[in-house]
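Accompanying notes for the structure given below.
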């Protein structure tokens, strides 16, 4: 099989960098273009300096007839990119921004919401994909099995903490090391933009009549990579912990990346991998789910490659068996 | 006025160290003894090495007739200490463990629960004090004003994250740097031992008929000092944000250490101080309170000194105007 | 005695913030002005948010007839400030920048180089002071006793690591949390701007004929506060470790802030204090000195206050007995 | 080709864990045994919890007839292991401890010192290999090109900082998070045990008459992974920076893992990879080399696999194209 010709648009940021790090070692991919508005002519390894010795690729302006384009453009810019570039209809698009997550119909394309574990078959048939948000991934992986099992009966309480890479590469006050080191703070309390895609997909997966209430407290963490989500909701009458564990194990039985741990989890167990770890406990009438992902991989670029694998009928985990950093 | 003769029992640990750091600069205190079961004869500055040049005190076994003893003994050992040491009845005791928090009557003494902001007059009259737990302090400071105002009408949702010093000086798996750095995990989910003192004092302050339900998710944070608590409960009908702010400002009007911030807070704003910062927001029918303290100071040794100041009729903030580390 | 009227110019940055944190609790000081070009009218506690509840002071444009002005203006701006402001001749100036360190004669004033431990009497008589740089302080405290004792006979090898606050408040690539966390890098290799003041003062203290060669490798550390310097040079014939220890103890016998530790030191032992800790070892013909300070306190604002205390004939440690953060 | 049957002895520690993380994805390897004295019967993924879902392997006591055994036994235990286990003569051994680095002749075997870049052909022919130390690798990669080029004419000054994983899994005072976070300290000043293997190999590579003097200051860093070494020595007369760069580029021309960066480097650029980055500068008569590796990969388990690849005539980088964590 000839290699998939991949273009990365907007690859100077964090998610673009992760795509290079993953795709340079993907056995079925050739990166044919890395476009940017700002750094044309600059070697990729000069921007992502950990890639010294691994690629001679330079940023440029031409797409070079790719089979698929990954858009890493910052939220709101993807539509503009589709409008102003002459992209062949046969070229697939995987958007890592939020432009097509809530409404996937655009410019004659239909972007499927690409949470791999909830829509695998749809993604396999999709021409274009809207990659989910990072918090949205961690939280949905904790909630969807309940929704699918008809066991989501009350509002959902979520507190989730994210690394500094979630805030992007542009330096600012809350990503200054002197501020962030050893610090914790709340942002976008009860109003994070990922709530909309979370609720929409819960309704779809659970075939619900109405959106559930999700109370979401996002925290800024003093680490660079990772998301750890604490999620709980009223337990259903009569279900035991074993019943709940079975719901989760069944839901993820076919997933190569999502695992239920019988013991408590910690965030670093998934950092620098495409895996998600879940752990459930039952207390005082509440079912609690801890969920951990790497925000840049399963929460962004890894899941985007997982989507590409599905779309191109490759084994889902091709190029995604990543060595955990663990420490 | 002659100085208060202070003994510190069990001063080789973190809360003992903080007592030395605070009391060495307290204008009304003379530390007359630092007892230990393990390090008799060892200079205090050899155990707490940041104190080099600040004290010639050595650990020993004699109490030296103190006016007050601070017990920093680890939970469960305080009762034993009282039983086995010949402490004069006139000598006051401030216990930093949890032995007397739920039931203060012991060995002819009555330990008053020493959350300064909720029981200032009782503490002024107290002979002995049970110092509150660190999480218990951060969470109660967020909840008590609502309880006192009769506005606590539903269960309370709490997620709070603590530094590694909360786990004590003895090294273990979850305080190993290689584990804890850049990591987040949950422990004692919905079952933390501070829940009992929290509920008991809420009932007292709010004159409630029954204990409120408090769902508490404790997180291990990847920092050494500080607690950041996120607390929310159903808002009362018809109360505006301004109404809530007034409830908090009124409740803490006489406190030299607790402040309501109109803007969002971050944990480091209180680190290395005896202060607590609170911030309230109103969303979707919930009142949310962010609360930040230093776990070792306002959450332990600082509050213990604040209690001593109250008991000895000194200005409440004597020796506690500490320079914030801020970064 | 009436209080010293203090103005802080350029107090929105890190060293300005530290001056507020120290001086608000200084018993002999009244802060009468905090000037700024950018934030006039803004409360100091809104910029330095850890000061909530501790001061109602606002930034402004008037100096309000101070007895002493601290200049926290960024390097190169101090001269301009002196030129363009109508400062009374009687008003003293303590400059925290580097404008007057190498040449103290300016605008009819003579700025004395204010490394307190090497020029205490000169500072007591000085009208104006140029406060030393942070690296310059840590390194000189390690080297000066040798120079003063006539035992500096060869080039000096220095590697020193500093916290992110050393790079200032303005965010940039190398202070972005995602870059700096868990990272180490070199900057200004063998060419750091503090070398000039270090060499100049070594010559003065040692009454040397020529500047010593100082090979200085500055490292960016992944922490916010502190400097740890590793310094070594050829040992003098025949001197034992005890001889060297005596040289250091004698040199700092009158200092309330500099201490020789017989055991190895770690940086956090001085963080959030005005102390310096030194430790010497003798190996393979080299005398090695480890030196640790807080870059913002002994390396900047704390030493500036120490200089003020000397200039105003207060006890040198007034307002500078700071609680270590320790963790 | 049939897969290489690999046994890992002592795989519960950090280097053992890294071997699992690497070898589980190595295309030519089958892990047939993981022996341990303490955890027989326990799943590997229960000890190395990031491996949940990636392996069903359990720790055991049988070696299961491997083609090669990796010894991860802690220094001093490897000889004992060879003595007490009935290892077939045909089975190769790669020792990650220091038992055979200085003297490779033992029990009828000859352990070749396995710094891949300095002894590639010897390793290809070796039956057994002594894997170099982590500091030893970082420092030698900086120094060997000079030695090989005959340009090492004076003593070498080294300061290198290492992560907490370098200290092993057993918790202790200096790996306690509360101690290590935001802290820097020196250990084994001028006397680190890696100096012997460094000097021995420099002599060999440079064909020197005598061991060079190497002044080595090891620092404990406040991060988990990585080593950053700062190395300098007197420059040779007449050599330009370009001359030096050519020496390094030539020396590493055939290496898939060692690269000279023209721009300054930072440690995280190599973390979680088997790469080493070098950067050279010329100042004041000194040639300075910055060198960065991941202590657990190029400094231990990755280099061990690189050695295995060489010994089994596989492409040197098989299974070692690891995604950098970068942040």
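What follows draws every value from the coordinates through simple rules; no lab data is involved. A quick note: this is a predicted structure, and the numbers were derived from the prediction, not measured. Please note: Cβ atoms are built from the backbone with ideal geometry, for glycine as well, and neighbour counts cover all protein chains shown.
Suppose you put the label 7 Å out from Cα in the Cβ direction; list, shortest first and in nm with one decimal, how far residue C:107 is from each other copy's label.
With the label placed 7 Å along Cα→Cβ, residue C:107 yields 5.8, 6.6, 7.7 nm.
Using helices alone, I'd like the mean residue ellipticity at 222 nm for the protein assembly as shown: each DSSP H run of four-plus residues gives -39500 (n - 2.57), total over residue count, nearest 500. Walk me through the numbers before you get to the answer.
Numbers: 36 runs with 320 residues, N = 1308.
Taken over the protein assembly as shown, the calculation gives -7000 deg cm²/dmol.
Need one value for B:216-228: mean number of C-beta atoms belonging to other chains within 10 Å of its residues' C-beta atoms.
That works out to 6 on average.
Between 0 and 90 degrees, rounded to the nearest ten: what's the tilt of helix A:134-148 against the longest Cα principal axis of chain A?
Result, in degrees: 40.
Order these by the 10 Å Cβ neighbour count, fewest first: B:267, C:311.
On the way: B:267 27, C:311 22.
Least to most surrounded, the residues fall as C:311, B:267.
Using only C-alpha positions, report the orientation-averaged shadow area of the convex hull of the stretch C:174-292, nm², one decimal.
9.0 nm²
Of A:88, A:234, A:246, which has the largest mean-square fluctuation in a 10 Å C-alpha GNM of chain A?
A:88
As an exercise, use a Förster radius of 22 Å and the Cβ-Cβ distance of residue B:243 and residue B:154 to find the FRET efficiency, rounded to the nearest 0.05. Could you put the intermediate results ahead of the total?
Details: r = 17 Å, r/R0 = 0.78.
Working from the Cβ atoms, E equals 0.80.
Please find, in a Gaussian network model of chain D (springs between Cα atoms separated by less than 10 Å), the residue of D:22, D:139, D:123 whose mean-square fluctuation is greatest.
D:22
Give me the percent of DSSP beta bridges within the stretch A:134-295 that run antiparallel, rounded to the nearest 5. Intermediate results must be reported in sequence, preceding the final value.
Details: 24 of 34 bridges.
Bridges in the stretch A:134-295 are about 70 percent antiparallel.
Can you divide the C-alpha Rg of the stretch C:129-192 by 2.2 N^0.38 Å and report the result to two decimal places?
With N residues counted in the stretch C:129-192, Rg over 2.2 N^0.38 Å equals 1.43.
Taking every DSSP beta bridge with both residues inside the protein assembly as shown, roughly what % is antiparallel (nearest 5)?
50 percent
By its C-alpha gyration tensor, with a ≥ b ≥ c as the square roots of the eigenvalues, how is the stretch A:66-179 shaped: rounded for a/c under 1.5, else prolate for a/b larger than b/c, else oblate?
Oblate.
Hey, how many Å between the Cα centroid of the stretch C:291-327 and the Cα centroid of the stretch D:106-136?
Result: 54 Å between the Cα centres.
Roughly how compact is the stretch B:1-106, stated as its Cα Rg over 2.2 N^0.38 Å to two decimals?
That ratio works out to 1.02.
Cα centroids of the stretch A:259-286 and the stretch A:32-81: how far apart, whole angstrom?
For the stretch A:259-286 versus the stretch A:32-81, the Cα centre distance is 35 Å.
Equivalent ellipsoid semi-axes for the protein assembly as shown, as square roots of 5 times the alpha carbon gyration tensor eigenvalues: give them largest first, rounded to whole Å.
Equivalent-ellipsoid dimensions as semi-axes: 46, 42, 32 Å.
What gaps in nm, shortest first, separate residue A:193 from its twins in the other copies when you place the label 7 Å past Cα toward the beta carbon?
Values, ascending and in nm: 3.8, 4.6, 5.4.
Residue B:90 label points, 7 Å along Cα→Cβ, one per copy: pairwise distances from this copy to the rest in nm, shortest first?
Shortest to longest, the spacings are 5.3, 8.9, 9.9 nm.
So for D:24, D:219, C:51, fewest C-beta neighbours within 10 Å to most, what's the order? Intermediate values should be presented prior to the final figure.
Details: D:24 17, D:219 24, C:51 21.
Exposure proxy ranking, most exposed first: D:24, C:51, D:219.
Axis carrying B onto A: which residue of B has the nearest Cβ, and how far, whole Å?
B:159, 2
Over the stretch D:134-295, calculate the relative contact order: mean separation of alpha carbon pairs under 8 Å at least 6 apart, over the residue count, as a percent.
Values: 320 pairs, mean separation 50.2, N = 162.
Reported relative contact order: 31 percent.
For a footprinting-style exposure proxy, rank C:61, B:175, B:318 by other Cβ within 10 Å, fewest first.
Details: C:61 10, B:175 24, B:318 16.
Lowest count first: C:61, B:318, B:175.
Dividing the convex hull volume of the Cα atoms of the stretch D:18-73 by its residue count, what figure in Å³ per residue is obtained?
Taking only Cα atoms, the stretch D:18-73 has a hull volume of 83 Å³ per residue.
What is the average number of partner chain Cβ atoms found within 10 Å of a Cβ in A:93-105? Kindly include the intermediate steps, with their values, before the conclusion.
Working: counts 0, 0, 0, 0, 0, 0, 0, 0, 0, 0, 0, 0, 0.
Average neighbour count from other chains, rounded to a whole number: 0.
Over the C-alpha atoms of chain B, what are the Rg and the largest Cα-to-Cα span, Dmax, in Å?
Cα-based Rg and Dmax for chain B come out at 19.3, 63 Å.
Residues of C:260-267, mean number of Cβ from any other protein chain within 10 Å of their own Cβ, rounded to a whole number?
That average works out to 5.
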